[in-house]
Amino acid sequence: METLTGFDQHDNLKITIIGCGTLGTILAQKFNQQGFEINCLISRTNASAEKLAGLLHVKTFGTETSLIPDNTNLIFIVTPDRVIEEIAGQLAKERLFFNQLAVAHFSGALTTDVFDPLIQKGVVALSMHPFQTFSPASDSKTLSQDIFDCYFGLQASDTEGFDLGKQLIHKLGGKVMYVPKESKTLYHIAAVLVSNYTVTLTHLGAEIFSSLGLSQKDAFQVFEPIMSQTFENLKSSEYIHQVLTGPVERGDSKILKQHLSELKTQMPHLIPAYATFAMETVRVAIQKGSLDPTQASELLHLLENTLIEESKTPLP
Ligand SMILES: NC(=O)c1ccc[n+]([C@@H]2O[C@H](COP(=O)([O-])OP(=O)(O)OC[C@H]3O[C@@H](n4cnc5c(N)ncnc54)[C@H](OP(=O)(O)O)[C@@H]3O)[C@@H](O)[C@H]2O)c1
């Protein structure tokens with residue numbers, strides 16, 4: 001492989017992490033396990049930086065980016081998305097050493113555009129978003145897992161950035177998915193749909209079960225087998241639509257009417273979500289070939305009318 005101004009020699013890499021939260025903590029520990037040197041930890045509060053510094057025996061930590069040692073050649077900004085651009089601008093103003101410096105963020109929605117002031121100074125910029133979900137509660141457990149055995153949406157300012165990103169992702173045990181800058185938002189919408197909204201849907205299911213007297217934990221025990229089997233079916237199926245079952249897939253308008261009427265009396269606030277998902281499910285069922293045009297339009301008509309009627313109902 002072509003020499004990449006020192007980035008290909010991971011022994012030479014000195015990594016500073018800005019943002020010692022959920023992902024910052026996991027990344028720091030995983031890179032540390034892989035033998036990378038973490039030379040500095042910065043966070044909004046000293047407590048977060050100190051906690052992680054204690055775990056990894058990092059001597060330089062605090063809240064000011066001016067603490068970042070001059071010989072740092074890789075900076076990970078793992079803060080909330082809304083402050084990444086501001087931190088990059090600050091680094092561009094205060095840092096004097098831009099040679100052999102790369103900077104990366106892990107946001108699904110942002111591109112390397114937020115690093116423009118640094119790129120203009122010759123810094124290599126990367127955006128490497130793990131298509132994975134991390135929760136603070138699972139810190140220690142996650143370390144023993146292949147949590148990064150996932151795709152990383154990679155976008156970079158230049159070829160050097162792509163090569164560095166590929167190497168870092170492979171070191172973490174991940175796989176690379178190239179995401180063009182202009183597709184980043186759509187890419188992130190897909191992540192939100194499959195991950196966040198699965199949680200929201202499960203929450204809605206649990207809300208309904210709470211009216212049957214079940215706690216969220218008990219409700220999830222009931223949901224788990226059907227959810228796991230759905231994932232198993234998805235894994236073994238060539239097409240997602242093949243896995244679809246249920247009243248919409250069977251074209252059962254009578255059951256759909258029963259659902260909508262029960263929601264109207266018991267939980268009217270769930271009608272928009274239920275009807276919207278049902279309409280999307282009609283599209284999936286058409287792709288599966290389960291619904292003919294007449295059945296599909298009958299269901300869509302029923303759902304559309306319910307939504308229109310619901311929108312006219314005054315808020316309580
Ligand atoms: N969590 C996920 O599932 C996930 C998945 C993929 C990508 N990501 C990406 O990972 C990044 C971080 O997300 P996260 O979930 O780890 O967030 P998080 O748990 O809220 O952690 C963010 C950390 O950033 C620190 N911070 C906030 N403002 C700062 C500032 N101005 N300067 C320095 N540090 C600052 C906070 O410090 P204090 O603790 O000191 O307050 C906090 O610890 C985001 O770009 C997100 O899009 C997250």
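Structure data summary
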quantity: Nearby lysines by direct alpha-carbon distance to LYS121 (threshold 16 angstrom, same-chain neighbours under 8 apart not counted); calculated: LYS93
quantity: Sites ASP113 and LYS59 - FRET efficiency at Förster radius 30 Å, r taken between beta-carbons, to 0.05; calculated: 0.30
quantity: Reachable lysines, given that their alpha-carbon falls under 19 Å from the alpha-carbon of LYS288 and they are not under 8 places away in the same chain; calculated: LYS235
quantity: Reach of LYS166 by Cα under 13 Å, taken over aspartates and glutamates that are not fewer than 8 positions away in the same chain; calculated: ASP8, ASP158
quantity: Stretch gain in nm, segment GLU86-LEU234, where the contour uses 0.36 nm per residue and the Cα spacing is subtracted; calculated: 49.2 nm
quantity: Convex hull projection area averaged over all views, the chain, Cα basis, nm²; calculated: 20.4 nm²
quantity: Mean Kyte hydropathy of -0.5 or more with a Cα span along the axis of at least 24 Å, helices from DSSP in the chain; calculated: 271-288, 293-312
quantity: Distance between modelled label sites at TYR178 and LEU96, nm, 7 Å Cα→Cβ extension; calculated: 3.9 nm
quantity: Where Rh is the Kirkwood radius over Cα pairs, Rg/Rh for the stretch 89-180; calculated: 1.02
quantity: Between the stretch 249-316 and the stretch 153-228, the alpha-carbon center distance in angstrom; calculated: 26 Å
quantity: Candidates HIS301, HIS57, HIS188, ranked by Gaussian network fluctuation over the chain, Cα under 10 Å, top entry; calculated: HIS301
quantity: Chain lengthening between GLU262 and LEU300 when straightened (0.36 nm per residue, less Cα-Cα); calculated: 11.8 nm
quantity: Point-charge dipole on Cβ atoms (K/R +1, D/E -1) for the chain, about Cα centre, debye to 20; calculated: 360 debye
quantity: Gyration tensor (alpha-carbon) shape descriptor, the stretch 203-308, a/c threshold 1.5; calculated: oblate
quantity: Efficiency of FRET from Cβ geometry, GLU309 and SER211, R₀ 22 Å, rounded to 0.05; calculated: 0.45
quantity: Under 5 Å, built H, 5+ apart or other chain: amide partners of TYR178; calculated: LEU154
quantity: 22 Å Cα-Cα threshold exceeded, pairs from LYS30/LYS51; LYS264/LYS312; LYS175/LYS217; calculated: LYS175/LYS217
quantity: For the stretch 10-179, alpha-carbon Rg and Dmax in angstrom; calculated: 14.5, 40
quantity: Top of GLY24, GLY165, GLY35 by mean-square fluctuation, Gaussian network on the chain, Cα under 10 Å; calculated: GLY35
quantity: Residue-averaged [θ]222 nm for the chain, counting only DSSP H segments that reach four residues, each worth -39500 (n - 2.57); calculated: -15500 deg cm²/dmol
quantity: Length released on extending from ASP158 to ASN71, taking residue separation times 0.36 nm less the Cα-Cα span; calculated: 29.1 nm
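Each reported figure results from applying straightforward, stated rules to the coordinates on display, with no laboratory input. Nothing here was measured: the structure is a model prediction, and the numbers come from that model. Virtual Cβ from ideal backbone geometry, glycine too; neighbours counted across all protein chains shown.
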